[in-house]
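A short worksheet on the structure shown next.
The values are calculated or read from the model by the stated rules, or taken from the named source; none is laboratory data. Quick caveat: nothing in here was measured; it's all calculated off a predicted structure. With ideal geometry, Cβ positions are generated from the backbone for all residues, glycine too; neighbour counts draw on all protein chains shown.
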Amino acid sequence: MPAEKLDARFGALAVTKGFITPEQLVEALKIQVNENLKQSKHRIVGEILREKEYITTAQINAVLESMDIFEI
């Protein structure tokens with residue numbers, strides 16, 4: 001699955017689980033897009049959300065687990 005689809009799915013699940021707000025997700029996605037354009041570097045949205053202290057590692061793992069993806 002392409003990284004962009006995983007990021008969208010991760011973000012939607014994090015919002016659904018109440019870990020982040022839709023506004024926090026939009027902010028993280030904007031940061032991600034800006035970084036992609038400026039640096040040709042793709043950071044996953046969970047990393048950005050954790051850096052901003054909007055989500056914890058345990059919450060990231062809970063989302064990844066529900067997506068059947070490895071934990072960090």
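Restricting the search to the range 19-30, which residues are surrounded by fewer than 16 Cβ atoms within 10 Å (Cβ to Cβ) and in a helix (DSSP H, G or I)?
Pro22, Glu23, Val26, Lys30
Mind checking which residues of the range 31-62 are over 18 Å from Leu13 (Cβ atoms) and outside any loop (DSSP other than H, G, I, E, B)?
Within the range 31-62, Ile31, Val33, Asn34, Glu35, Asn36, Leu37, Lys38, Gln39, Glu51 qualify.
Looking at (1) surrounded by fewer than 16 Cβ atoms within 10 Å (Cβ to Cβ); (2) out of contact with any His (no Cβ under 7 Å at 6 or more places or on another chain); (3) in a helix (DSSP H, G or I); (4) at pLDDT below 90, can you tell me which one Leu6 breaks?
(1)
Please state which of the following conditions Lys41 fails to meet, knowing it meets all the rest: (1) of a type in the set (D, E, K, R); (2) surrounded by 11 or more Cβ atoms within 10 Å (Cβ to Cβ); (3) in contact with a helix residue (DSSP H, G or I) (Cβ under 9 Å, 6 or more places away or on another chain).
Status for Lys41: all satisfied but (2).
Could you give every pair whose Cβ atoms fall below 6 Å, whose first residue belongs to the range 51-63 and is surrounded by 12 or more Cβ atoms within 10 Å (Cβ to Cβ), and whose second residue is aromatic (Phe, Trp, Tyr), counting only separations of at least 6 or pairs across chains?
Once the first residue is surrounded by 12 or more Cβ atoms within 10 Å (Cβ to Cβ) and sits in the range 51-63, its partners that are aromatic (Phe, Trp, Tyr) give Ile55/Phe19; Gln59/Phe19; Val63/Phe10.
Scan the range 45-72 for residues that are of a type in the set (Val, Ile, Thr) and either at pLDDT 90 or above or in contact with a Cys (Cβ under 9 Å, 6 or more places away or on another chain) (or both) and jot them down.
Once the filter is applied, which keeps residues that are of a type in the set (Val, Ile, Thr) and either at pLDDT 90 or above or in contact with a Cys (Cβ under 9 Å, 6 or more places away or on another chain) (or both), the range 45-72 yields Val45, Ile48, Ile55, Thr56, Thr57, Ile60, Val63.
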